[in-house]
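Just so it is clear, none of the values below were taken in a lab; they were calculated from the coordinates. These numbers were taken from a predicted model, which means no experiment stands behind them. All Cβ positions, even for glycine, are placed from backbone atoms using ideal geometry, and neighbour counts span all protein chains on display.
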Amino acid sequence: MSADTLIPEEPEAPTNRPPSMERVRSWLQRPYARKILILTVVIGFLLLPLAWLLLAAMNQTGAPASEIMKDIEQTVFVFTLVSIPITAFVFAVLVYSLIGWRQISGDEPPMQDSPAIRTNTIGVILWTVASSLLAMFLVVWGLVELAQITANSYGSISADEQPGQKSSEIINVTGQQWVWTFEYPEHNGLTSDILYLPLDRPVYFNVTSKDVIHNFWAVELGVKIDANPGAITQTGVTANKLGTFNVRCAELCGMHHAFMQTQIQVLEQDAFDSWVRESGGKKTS
Amino acid sequence: MSVDTAVETKTVFGAEVPQPPQHGAAGGVMRGLNFGTGLIGGIGLAAVAGWVTAILTPSSASNASFAPMEPTYVYLAVLLGWVVGFMLGMGAFVGPLRWVVGRDITHADAEYMAGKDLGRKRYWKYTTDHKVVGIQYLVVTLFILGFAGLLAMLIRTELGMTWTSLFTPSFYNSMIGTHGIAMIIGMIVVISGPLGNFIVPMMIGARDMAYPRLNALSVWLLVAAVPMLVSSMFMGGIQDGWSVYQPLASQAPVGMLGYQMTIIIFAISTAIASVNLMTTILTMRAKGMTWSRTPIFVYGIFAASVMGLYAFPFFQYAQILGLTDRVFSTSFFDPLNGGSVWLYENLFWLLGHPEVYVILIPSMAVALELMPVFLRKPLFSFNFAVAGIVGVVALSGLVWAHHMYMTGWAPAANYPFMLSTEMISIPVGFLVLVAIGTFWRGTAWTRLPLMAVYAVIFNKMIGGVTGVYLSDVPADQYFHGSMFVVAHFHFMLMGAGLFGAMAGIAFFFPKMTGRILDERVGSIGLWTAFIGFQITFISMFVAGLQGQPRRVLDFDDQFNLSNWISTIGAYIIGIGMLIFLSAIITSWRSGVIASSNPWGSKSLEWQTETPVPLENFPVLPVVTERPYNYGVPDPYEAELESIDEDLTEKAGTK
Amino acid sequence: MKKFLVTFLTVLLGGAIVAGVGVFNAVQQEAPPVLVANVVGTKTAPSGEEMPHAELYLDVYPNSSSQVPQPETKSPINNLLLAGQPFYHPSTSLQVPSNSLVTIHFRQYDSGGQIYNPYFSKVHGTVDGTMKWNGEEVTEIKPDEVGHTFTVHQYPESTQPYFFMSIPLPMNKANAKTDKMGYPVDPQIVSVTFMTGDAGSYVWNCEFPCGDLYQEFGGPMQTRGWMAGTFDVVDA
């Protein structure tokens, strides 16, 4: 392709455009440029279903069962979407490098060198700006979501909603090699090996351990916090879906770590109350 | 980079330097010492130390929590005896002991220690020649990786057999712990050790490392550390994962001492190796090799050394404290007696995260180093590659607490650590940009090393993107401690790290062994391993998304399918790696003899002859050009210029 | 082609090494022989239903002696480290029939003390929540007089019924009369009856700190054959 054919036919058009636009136009007319862009789009669309597949895998056992879990899934969804273009572009270059630009094999080093591109200012600036913006977006999104999740769990909840209010429930979670126990201090110290939660009411967990570090993971509720010996960590959640869910220990805690699992039963308020009565706890509310 | 041999340098030969008097034959007592005497010394002293300790310790000795202390004391004495005896038997103390008695190593001794005229025997001795050390590192690393890989196969077998249990939970836990730490040790040295020692001095045009004797010390300390790790498997094992979180580690059987001693010795070895590499790179670059003319691989090794140097002391310190907790009943990490579990986690991850980059940066650097050779064009934006490496090093020490988002140690600190962790994706992105920029419009000479780079970049993208989820606190609240994390870091450490190491070994193989790595067998191995790798770890991502915690040997039926697929993939990796290993073995023994520069590289290490002579270069080279001076003028550049000219013309006529 | 033969042999050898090490270790860690609860008749459940009734006898010893040998293990280091530690006898691999009433008779010879979590000084998961202790029906014992516990808990399978049972075994007083082996002449006798559901695999362990090292939860507490094991509910 000679240089002449790159110049547009109409004499008026290019004159009032900045030269850099002209450079972009000529770049786009190179044989590989459009192909790579098309390849990027194709790969991007091939990767697109991932955003839903990831969530489908996460939702297999009934998640999301709380606002927190919904926030987590939203984050995963958005992060997948924003990382697809850049991944698709890199993959497109890798693929095109093998099929588009010439490749040679053989035992001897190739006789013909490739173009000596030491750098490309526009490309470098584009990449830096794009990756910085992306990182900025991820950070800002993360900070906002984190603040929201913290609010949903415990930290910045307003005074009239603090635990001790009638609408909330406190549960002392104790990890011990290799059993979880859940104490309901507002119900006469009622203790259970299954985690019973009332529907649509905030519960606050005081999590601790009798021995080594465990990790209290209420999978479908999106709650996860370490149970440390000698310290109490706090978190909370409002379950908004009826059903049976899982508590798993997510920190290696010795021989039966794999078996340190139990159920979560999210019950209607009535059912929760009658469970409390039957199990010998006094109903305080 | 071309070598200007026209410049004459005056070399001062040893004979002209005043020498201390020579006592006896060159080498002195070292003539009789080798790996065999090292083993005898190590086992002998270990046996004596263990026996004496057993006699001295009353069999009723126990600590406050009723643990019998005799096995602990005896095992510790055996480990210490092994290290000291082995290094004694290797001859590591010959030099220092001569200083003590007021003598020094003479020039003839030094030449003997460098392995001059010793033939193959020099590989079994305390040899100071950097090329010998490089080969020793390579063999030791292959052994470590093989051992850890064997455990990986057993782990996946157990996880694949969902209908029954092959091993007890305790043994399973000890396998994952040992697999983890052995792989970490292997991956930390797999590039910096063999390639850092063998190639870097040649690449910068030096005759040897700055401290040849420390070089030998670092590799033999590593050799001393490995048996201790293996021995812990027979002493009840490391049942606490590779991170051996306290206080769980205080509950483990005595095998934990093997882990702690391994780390203490390995940290010394790493510190010595790091100092040595840094000094060599800083002070011994050839005349004319300014920083802008220094190859990117040298930057990578330098960066890894810097990070290793500041990160490992934290780890070593943590293990020393843990060891005193166990042996002397101190309570640094015993929360019931005023200790802190979070202190351990902080110390551990202050190593743990920089260490990831200690593995990744050399692997990326070796990929970037060999790409220009096979694409016959310069490295794209050398400055950006350097900026990426510097950025990663700068941020590497500020991100460790993202492993502790869910610990409750400092909920408020999650915000800044999330910021720093996500920032690190920018310098890592620079390295990806340099890679794809170098691929850009290059005619690929599709030999094995370059093909491995495609695998590295592919894996690195997947590992990097999944890392973004984990760096984000809300998403990490789901993924922390799940199989998702395991899959992610395998994509980084194995997918990018190990495949990068395979690229590097295949690339430098002709220089190191004088033979070409068999292209066909090597490629079959590489791609088999690559396919198996994708199968294994993508299905492991799925298991993690479904909610399978890590480090469990039994799990809900809903995870069965992903685990079966994962196990099949793992066997494919195993087969692929064995094929690659067989390529290394057969090529090393009877491969095609390589010319001194089979890849047509312009870098210094390829300019000297193969096999490389004792002091690398007959005449020290002088560097006059930027590295990676490949390529022909870009035809499009002329085109763009003509556009510009045209525009200027038109603007002028208007 | 010679080199492909070498490759083939390498893969074969590698596979053989993996298989060899795997089989060797699997054999080394064979579970203790299974102790099966035999059906001895039928019994009436609280619901009034007649169910098969099986019985199981388990003893807890504070240490081994010439009378009670230490649990068998092929691991030399375990033999060394766990000598003189408490263990369940005769086995820790238990098997009970499904959909039946099972009675376990415990004889507890060990001393004891304060348990960390009082939840485990209570009886959980038996028929009507009681156990028979030296002939007396109780629902809990004092948290500072626990010898051991027998705590069966959930195996991570959602396809099998949830099962949780915890039996506190009271301690022997320090001044209890002992025989020449050092075992109390009158051990604590506990028997419990519980109902099993459909088939499933569970694990059990002791929740009383009776091992060594940190929190006395190391050693025998983390070794199957001593204070932990498996609990399989199988169809008859």
Which entries in C:Lys132/C:Lys180; A:Lys70/A:Lys224; A:Lys70/A:Lys241; C:Lys122/C:Lys177; C:Lys122/C:Lys142 show an alpha-carbon gap greater than 18 Å? C:Lys132/C:Lys180; C:Lys122/C:Lys177
Loop-resident trypsin sites (Lys or Arg not before Pro) in the range B:354-448 with no more than 13 other Cβ atoms inside 10 Å, DSSP not H/G/I/E/B, are none
Amide H partners (placed H, <5 Å) of C:Gln188, local residues excluded: C:Gln108
hull vol. (C-alpha, convex hull) per residue for the range C:1-154, Å³ -> 208 Å³
Would you mind calculating the relative contact order of chain B from Cα pairs under 8 angstrom and at least 6 residues apart, reporting the percent as a whole number? 15 percent
Run through every distinct alpha carbon pair of the range B:26-124 and return the Kirkwood hydrodynamic radius in angstroms, one decimal place. 15.5 Å
Normalised contact order of chain A, rounded percent, pairs of Cα under 8 Å and 6 or more residues apart: 17 percent
So what are the three principal axis dimensions of the protein assembly as shown from its Cα atoms, in whole Å, longest to shortest? 107, 89, 58
Under a Cβ-Cβ cut-off of 12 Å, what is the net charge of the residues other than C:Ala26 that fall near it, where Lys and Arg count +1 and Asp and Glu count -1? -1
Please label the shape of chain B as rounded, prolate or oblate, based on the square roots a ≥ b ≥ c of the eigenvalues of the alpha-carbon gyration tensor (a/c under 1.5 means rounded; beyond that, a/b larger than b/c means prolate, else oblate). oblate
Calculate, in nm to one decimal, what A:Lys70 and A:Ala271 gain on full extension: separation in residues at 0.36 nm each, minus their alpha carbon distance. 69.8 nm
Run through the DSSP bridge list for chain C and note the antiparallel percent, rounded to the nearest 5. 70 percent
Out of B:Gly532, B:Ser595, B:Met483 - ranked by how far each Cα lies towards the positive end of the dipole of the range B:474-608, with unit charges on the beta-carbon of charged residues - the top one is B:Ser595
I'd like the distance between the alpha-carbon centres of the range C:132-185 and the range B:68-143, rounded to an integer number of Å. 57 Å
Give the order of B:Tyr317, B:Tyr112, C:Tyr214 when sorted by the count of other beta carbons within 10 angstrom, beginning with the fewest. B:Tyr317, B:Tyr112, C:Tyr214
Any idea what the alpha-carbon Rg over 2.2 N^0.38 Å comes to for the range B:220-315? 1.43
By average Cβ neighbour count within 10 Å, what is the ranking of B:465-473, C:81-89 from highest down? B:465-473, C:81-89
Quick one: dipole size for chain C, taken about the Cα centre, charges +1 on Lys/Arg Cβ and -1 on Asp/Glu Cβ, in debye to the nearest 20. 920 debye
Dimensions of the range A:166-278 along principal axes (Cα, Å, largest first)? 38, 25, 24
Using alpha-carbon coordinates alone, the radius of gyration and Dmax of the range A:88-247 in Å work out to 26.9, 85
Virtual spin-label span in nm between B:Thr164 and C:Val40, 7 Å along Cα→Cβ: 3.2 nm
The exposure ranking of B:Leu195, B:Leu545, fewest beta-carbon neighbours within 10 Å first, is B:Leu545, B:Leu195
Lys and Arg at +1, Asp and Glu at -1: neighbours of A:Val237 with Cβ under 12 Å from its Cβ sum to -1
Quick one: net charge of A:Leu138's neighbours, Cβ under 14 Å, K/R +1, D/E -1? -4
Please compute the contact order of the range C:104-195 in relative form: average sequence separation of alpha-carbon pairs under 8 Å and at least six residues apart, divided by the residue count, as a percent. 42 percent
Could you list C:Tyr61, B:Tyr415 so that the one with the fewest beta carbons within 10 Å of its beta carbon is first and the one with the most is last? B:Tyr415, C:Tyr61
For the range B:453-519, what Kirkwood radius comes out of the mean inverse Cα-Cα distance, in Å? 13.3 Å
Pick out, in residue order, every one of the GluC sites (Glu not before Pro) in the range C:46-123 that is DSSP loop and has at most 16 other C-beta atoms within 10 Å; say none if there are none. C:Glu49, C:Glu72
Over the Cα atoms of chain A, compute the convex hull volume and normalise it per residue, giving Å³. 229 Å³
Show that you can apply the helix-only estimate: for the protein assembly as shown, add -39,500 (n - 2.57) for every DSSP H stretch of four or more residues, divide by all residues, and state [θ] at 222 nm to the nearest 500. -16500 deg cm²/dmol
Going 7 Å from the Cα of B:Trp291 along its beta-carbon direction, which residues of the range B:606-637 have the amide nitrogen within less than 20 Å of the resulting point? B:623-628
Dimensions in Å of the range C:195-236 - Rg and Dmax from alpha carbons: 13.2, 41
On a 0 to 90 degree scale, rounded to 10, what angle separates helix C:2-28 from the longest Cα axis of chain C? 20 degrees
List the residues whose amide H sits under 5 Å from the amide H of A:Leu267, counting only those 5 or more places along or on another chain, with H placed 1.01 Å from N in the peptide plane. A:Leu197, A:Leu199
Chain A: most fluctuating residue of A:Leu28, A:Leu252, A:Leu134 per GNM, C-alpha cutoff 10 Å: A:Leu28
